[in-house]
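This report concerns only the one structure given below.
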Amino acid sequence: MPAQNLDAFDLAILDILQRDNSTPQRTIGEAVNLSAPAVQRRIRKLEAAGVITANVAVIDPPSVGQAVTLLVEVHLENERLDLLDAAKARLIAEQQVQQCYYVTGDADFMLVITVPTMADYEALTRRLFFDGGNVKRFRTLVVMDRVKVGLGVPLLKSSP
């Protein structure tokens, strides 16, 4: 669904859902001046169109034993398409890679990784960067404080 097909009701619903996906449809309807069934239809349409890509709980990593967060810049040896696709597949498959961005500039990928300990990170680097091949180098930044974490998307503010 292209952005131009999203009306003010859709944007208002999305704004509420990305802040708290457990908000009852009745409450959303009251906030945006639609009936609960109309809100439900719109949410289903947004899901079917791929605008809403997941309904998940956001978990605090340290609370579940993932105390170390790292930002990793990855430089590939060779950017041939089959090797690039293989690198993407390897990164996607790794559960400890929370986010993976294929980027422009000097690096090829930027990763957000969470692990319990630095020893676990060392094992992960061996598996992803050394054993997997095609990684020229990588640079790691250890996160000292998760100042702001979120996946909320800024939405156009217009009233329905």
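The values are calculated or read from the model by the stated rules, or taken from the named source; none is laboratory data. Every value quoted in this text rests on a predicted model; they were computed, and no experiment measured them. As a convention, Cβ positions derive from the backbone with ideal geometry for all residues, glycine included, and neighbour counts pool all protein chains shown. In case anyone asks, the SASA skips ligands and DNA or RNA and just uses the protein heavy atoms, side chains included. Shrake-Rupley method; radii C 1.70, N 1.55, O 1.52, S 1.80 Å.
Yes/no per residue for (1) β-branched (Val, Ile, Thr); (2) open to solvent by less than 50 Å² (accessible area, probe 1.4 Å):
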position	(1), (2)
Asn5	no, no
Leu11	no, yes
Val39	yes, yes
Leu46	no, yes
Thr53	yes, no
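Here Asp60, Asp15 are screened, and the one residue that is without any contact (Cβ under 8 Å) to a residue 40 or more places away in the chain and within 18 Å of the chain's Cα centre (by Cα) is Asp60. Candidates in the range 100-131 are the residues that are touching a helix residue (DSSP H, G or I) at 6+ places or on another chain (Cβ under 9 Å) and surrounded by 15 or more Cβ atoms within 10 Å (Cβ to Cβ); of these, the one that is nearest to Val72 (Cα to Cα) is Leu111. Within this structure, Leu76 passes the test of being modelled with pLDDT of 95 or more, of a type in the set (A, V, I, L, M), over 18 Å from Gly150 (Cβ atoms) and surrounded by 15 or more Cβ atoms within 10 Å (Cβ to Cβ). All of (1) under 19 Å from Pro154 (Cα atoms); (2) touching a residue at least 60 places away in the same chain (Cβ under 8 Å); (3) open to solvent by 70 Å² or more (accessible area, probe 1.4 Å) hold for Asn33 with one exception: (1). How many residues, within the range 137-148, are assigned to a strand (DSSP E or B) and either more than 11 Å from Glu73 (Cβ to Cβ) or out of contact with any strand residue (DSSP E or B) (no Cβ under 9 Å at 6 or more places or on another chain) (or both)? Within the range 137-148, residues that are assigned to a strand (DSSP E or B) and either more than 11 Å from Glu73 (Cβ to Cβ) or out of contact with any strand residue (DSSP E or B) (no Cβ under 9 Å at 6 or more places or on another chain) (or both) number 1.
All of Thr23, Thr69 fail the test of being surrounded by 12 or more Cβ atoms within 10 Å (Cβ to Cβ), within 30 Å of Met118 (Cα to Cα) and either free of Cβ contacts under 8 Å to residues at least 24 places away in the same chain or of a type in the set (Ser, Thr, Tyr) (or both), apart from Thr69.
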